[in-house]
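Worksheet: the structure to be examined is printed underneath.
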């Protein structure tokens, strides 16, 4: 729904659909041209930030909008660069503007799309430095990188029209990114490697009322603080899709990909606590709803706040949680938050699985020790105990002794696994000391 207007503009609701969630979790859709739909608070006689209310029966939604009197109209890359250099605060793209190189803004700016307007960004950088940038009512094509203090996408479509390419959609290096009332789409032969990609963990992502219904490998790559509320996240990748990773493995990989929410917590700067809110969101056709990494340090330090409320994973979601490196001790917290029969998978890295009643026994500056974990070989057997990490190296063990474990991606999706016996007596003594419960 359009959220930016010029003085004198009229309201057109004919193309929108409202979806309301009932207390029982069911939804109902209302078309914008429904005669019973009432609008109050819409006024473009004067400029300013305002709020309109759409209501039907006893239900309503408040929608903020902005009215401008001084929009700068641009129709080309050169005109957009000139308007940004002149520090115009509100710029309206009319037609199609294609970026050929990095583009910069020296002050806060809102960039609005006229009906049918496109910003073909081609993965170029939009650099607002320490200023804020808002994109509204705009179709952003073929990926964009955003650097800013804070960034907002309101009522935007982020599209791949790439003719077969695999591209990251929104890459952002900001303190905060807010995406609302937007959608991500692809053509049939293109795919997002990441729909959204956080470039720094110590930041915040808020995604509300947004549809991700497209081809993707990883959906939302999130920072330490994120809220996903009222969204739909559905992968359209199928067994017939042509997409392959750099090692030749299919993007549709049982137990592994696609992933709806990809969450590698910061391994350093762990004072920036985790606050995760996943609310009122429907997930479908993904192998893993949530894949997490490196969260055990936060749980151990009491800095892991996770909320899961009124989400739907009933349509073809293989695992709710995939616990990767140094995150197995987080399972109990996730089980409490999510409830029910939590279907999960644990991997050491990549796609190499472990199984068992896994418990975090020790965590310190030298590493992580887990008990109850069994390494799962490619044939499904469990010939080794998986112990964890000591000084950044993974270790497994059997009756004969200790082994280092290294894994790398492979075309079969099951990883190249290198297992090497430990023969150094001094190191064996260190491992005996570290991988003990005492």
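Every number here is computed from the coordinates shown, using simple stated rules; none is lab data. Quick caveat: nothing in here was measured; it's all calculated off a predicted structure. Here Cβ is always computed from backbone atoms with ideal geometry, including for glycine, and neighbour counts include all displayed protein chains.
Give me 352, 404 ranked fewest to most by other Cβ atoms within 10 Å of their Cβ, as a rough exposure proxy.
Least to most surrounded, the residues fall as 404, 352.
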**Study point:** Residues residue 213 and residue 332, FRET efficiency given R0 of 35 Å [Cβ-Cβ distance, rounded to 0.05]
**Key:** 0.60
Exercise for review: Quick one: pull the percentage of alpha-carbon pairs in the stretch 248-398 with a separation above 29 Å.
Suggested key: 15 percent
Check your understanding: Working out 0.36 nm times the residue gap between residue 98 and residue 86, then minus their Cα-Cα distance, what length gain in nm do you get to one decimal?
Key -> 2.4 nm
Point to revise | Likely footprinting exposure, 323, 317, fewest C-beta neighbours within 10 Å first | key: 317, 323
Exercise for review: Using label points projected 7 Å from each Cα along Cα→Cβ, tell me how many nm separate residue 271 and residue 239, to one decimal.
Suggested key: 5.2 nm
Practice item. Among (1) 22.2, 69; (2) 24.4, 82; (3) 23.0, 75, find the value of Rg and Dmax of the Cα atoms in Å that was calculated from the structure presented, and write down its label. Key: (2)
Exercise for review: Find the centroid of the Cα atoms in the stretch 221-291 and in the stretch 339-382, then give the distance between the two in whole Å.
Suggested key: 20 Å
Point to revise | Label-to-label distance, nm, for residues given as residue 130 and residue 56 (7 Å Cα→Cβ offset) | key: 4.8 nm
Point to revise | Inter-site label distance for residue 27 and residue 106 at 7 Å from Cα along Cβ, in nm | key: 4.5 nm
Check your understanding: Relative to the longest principal axis of the chain, what angle (0 to 90°, nearest 10) does the C-alpha long axis of helix 425-434 take?
Key -> 60 degrees
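Given a Förster radius of 30 Å and the C-beta distance between residue 428 and residue 300 as r, what FRET efficiency does 1/(1 + (r/R0)^6) yield to the nearest 0.05?
Values: r = 27 Å, r/R0 = 0.90.
Calculated value: 0.65.
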Point to revise | Cα gyration tensor, the stretch 314-438 - rounded (a/c under 1.5), prolate or oblate | key: oblate
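Length gain on complete extension for the stretch residue 411 to residue 398, per 0.36 nm per residue less the alpha carbon to alpha carbon distance?
Full extension of this stretch gives 1.8 nm more.
Please give the direction-averaged projected area of the C-alpha convex hull for the stretch 139-216, in square nanometres with one decimal. Before the final figure, lay out each step's value.
On the way: hull surface 17.6 nm².
Taking the Cα atoms of the stretch 139-216, their convex hull projects to 4.4 nm² on average.
Students often check this: by mean Cβ neighbours within 10 Å, which of 360-368, 272-280 ranks highest, and how do the rest follow? Don't skip to the answer; put the middle values down first.
On the way: 360-368: 16.0, 272-280: 18.4.
The peptides rank, most packed first, as 272-280, 360-368.
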Exercise for review: Determine the distance separating the Cα centre of the stretch 384-438 from the Cα centre of the stretch 96-157; give it in Å without decimals.
Suggested key: 47 Å
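What do you get for Rg/Rh over the stretch 7-65 if you use C-alpha atoms and the Kirkwood form of Rh?
Working: Rg = 12.9 Å, Rh = 12.7 Å.
A ratio of 1.01.
Rounded to the nearest 0.05, what FRET efficiency is calculated for residue 247 and residue 45 with R0 set to 51 Å and r the Cβ-Cβ distance? Spell out each step's value before the answer.
Values: r = 60 Å, r/R0 = 1.17.
That pair, residue 247 with residue 45, gives E of 0.30.
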Point to revise | Global form of the stretch 191-326, assessed from the alpha-carbon gyration tensor, a/c cut-off 1.5 | key: prolate
Review point. For the stretch 227-282, rounded, prolate or oblate, judged on the Cα gyration tensor with a ≥ b ≥ c (square roots of eigenvalues), a/c < 1.5 rounded, else prolate if a/b > b/c?
Key: oblate
Point to revise | Mean ellipticity per residue at 222 nm, deg cm²/dmol - from DSSP H runs of n ≥ 4 across the chain, formula -39500 (n - 2.57) | key: -2000 deg cm²/dmol
Exercise for review: Please arrange 30, 109 by counting, for each residue, the other beta carbons lying within 10 Å of its beta carbon, fewest first.
Suggested key: 30, 109
Exercise for review: Provide the three semi-axes, in whole Å and in decreasing order, of the ellipsoid equivalent to the stretch 90-204 as defined by the square roots of 5 times the Cα gyration tensor eigenvalues.
Suggested key: 20, 17, 13
